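Down below is the structure, laid out as structure tokens.
Please treat every number below as a calculation from the coordinates, not as lab data. Keep in mind that what you see is a predicted model, and the values were worked out from it rather than measured. Neighbour counts run over all protein chains shown; Cβ positions are idealised from the backbone, glycine included.
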């Protein structure tokens, strides 16, 4: 093929990628720049980068209930992610280390549960929550989150634990180590990377979850960021910088994790597909 | 699959006090939570959907099925499925471009995956602002002389669902790109070298060599996205329409219908019947997935 044709091909490929990236980044750009503008500044120059940063939007967000929502989200997310990792690691070791009757059937059911839409579980769980008086408590929401994250977590860790060479484990067993000891001294230290990956992926999901938080945390003092944002939007409908500042605050932790740990996101989200059933 | 397990017949294992029940001890905490969150709920869900004022009945299903709003919601979910082929084509194109290792591909990968990391409520609010009548999208259109098509994108019944589809594509695309790219990077490079030596051109090379390599993940992505369009779009609709599914019922979807019937109209029986039907559709999609996977012999983990 001719040289000009090849150059034209490379050029159009670059152009396509650049257009796609600009489209992907544009809303984020608007969110970040608008957050640092004044109301007048935003309506006059909505496209422009920030000339003189104003913190008015952030002040409005912080004076509203953002700090409380942020705190609630941190509590709910960290508790449910930690509990999920712990419970999932135990179960995954149970599945990976022993061959017992019905094991594959149970694992198969777990895989199928990954796709159950949460909205299906909403009504019965809510009725249950009302009956035991646990609406607007973190406890029930954390329990539900753990339940929803477990199928994927157990599945992914089981797959990983199975790749640990049997010889390493046999050697420890011959030395008389109990299975708990093997788990703590051999399996867990080898699993740092998959545990971090799983933690990051679960954190992403739980931090951004809306439906369950909306239904189960109705009390104003218990709302999470995602629930708060949706109400905040209508209250400040004319003050775009305040809305964008709030969104920036709500997104910051996840985007920070993404900037420094992109590979964990990619690995975790791809794991289900490439290693899957 | 069992390469990493120590066989149960290992004599030393028998000496452990717990013996055969030991795996159960490890599994029980997880099992208990899963049985409560999924098992108990599904049981109660089916029960509620089949009862009304203390007796067993299938009326709830009949009422739900004949409710025009439910039909509308279901139709909208089906219309959202149009996003799936769009997602597959765009993900293929962009992941192949990234795979060719053009200068700056790592940055582009980072940028293209970013939308998938953002929370849907955040995306919803930002796009809600951008797509208003005086929002930036319309300002841009007017600036480039396309002011004629400028409109309230989410406020017009005719366009609201299409606009929402576009926003969903904007976010879900990142997942497809990263998924396909990860698969391509795991293909031995001599597969592609052989094609290049033959002088195969861009489209031929990728149609003959790249796409067959990807068929497993493409099937996976299609099913995941189909399930998303049918039963995971609540967040988009709720945030971009203030929980209404509006204008009118232009963006009503099944999940929102379930949510509204249960929590605004206080009718758990109808909501449960709708939820059972939604779950049924999801099950069918998964069954199709496993069928396709088995009959085509395409394993995801070749």
Per DSSP H run of n ≥ 4, the term is -39500 (n - 2.57); total these for chain A, divide by its residue number, and report the mean residue ellipticity at 222 nm rounded to 500 deg cm²/dmol. -24500 deg cm²/dmol
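Please give the contour-minus-distance gain from residue A:13 to residue A:105: 0.36 nm per residue of separation, less the Cα-Cα distance, rounded to one decimal in nm.
Values: separation 92, 0.36 × 92 = 33.12 nm, distance 4.72 nm.
Full extension of this stretch gives 28.4 nm more.
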For the range A:3-57, place one equal point scatterer on every Cα, skip the solvent, and apply the Debye formula. What is log10 of I(q)/I(0) at q = 0.13 Å⁻¹? -0.48
The exposure ranking of B:237, B:25, A:187, fewest beta-carbon neighbours within 10 Å first, is B:25, A:187, B:237
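What area, in nm² and to one decimal, does the C-alpha convex hull of the range B:147-192 cast on average over all directions?
On the way: hull surface 20.6 nm².
About 5.2 nm², averaged over all directions.
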Inter-label distance for residue B:266 and residue B:65, nm, one decimal - labels placed 7 Å from Cα along Cα-to-Cβ: 2.9
Rounded tilt (10° steps) of A:103-113 against the dominant C-alpha axis of chain A: 10
Have a look at B:265, B:236, B:257 and tell me which one the Gaussian network model of chain B (Cα, springs below 10 Å) gives the largest fluctuation. B:265
Quick one: angle between helix A:3-35 and the longest Cα principal axis of chain A, in degrees between 0 and 90, rounded to 10, please. 80
Return the single residue from B:268, B:23, B:85 with maximal mean-square fluctuation; model: Gaussian network over chain B, springs between Cα atoms under 10 Å. B:23
Once the Cα atoms of helix A:118-131 and of chain A are each reduced to a long axis, what angle between those two axes, in degrees from 0 to 90 to the nearest 10, is obtained? 80
Square roots of five times the C-alpha gyration tensor eigenvalues of the range A:1-133, ordered largest first and given in whole Å, equal 45, 34, 14
Hey, what's the per residue convex hull volume over the C-alpha atoms of the range B:63-218, in cubic angstrom? 170
The Cα extents of the protein assembly as shown along the principal axes, largest first and rounded to whole Å, are 80, 74, 48
Segments A:217-227, A:35-45 sorted - mean Cβ within 10 Å per residue, highest first: A:217-227, A:35-45
Among B:207-216, A:154-163, how do they line up by average Cβ neighbours within 10 Å per residue, starting with the highest? A:154-163, B:207-216
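Stretched out fully, how many nm does the piece from residue A:175 to residue A:196 gain, at 0.36 nm a residue minus the Cα gap? All intermediate terms of the calculation are to be shown ahead of the outcome.
On the way: separation 21, 0.36 × 21 = 7.56 nm, distance 2.97 nm.
Taking 0.36 nm per residue and subtracting the Cα distance, the gain is 4.6 nm.
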Debye sum, Cα scatterers, chain B, no solvent: what log₁₀ I/I(0) at q = 0.09, 0.10, 0.13, 0.14 1/Å? -0.66, -0.79, -1.11, -1.18
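Please compute the average number of Cβ atoms from other chains found within 10 Å of each residue's Cβ in peptide A:96-105.
Details: counts 5, 8, 11, 8, 7, 1, 0, 4, 2, 0.
Mean shielding count: 5.
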Mind checking the full-extension length gain between residue A:78 and residue A:62? Use 0.36 nm per residue of separation minus the Cα-Cα distance, one decimal, nm. 3.6 nm
So for the pair residue B:140, residue B:46, with labels modelled 7 Å out along Cα→Cβ, what separation do we get in nm? 4.9
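Please compute the volume of the convex hull spanned by the alpha-carbon atoms of the range A:65-274 and report it per residue in Å³.
Values: hull volume 30.8 nm³, N = 210.
In the range A:65-274, the Cα convex hull volume per residue is 147 Å³.
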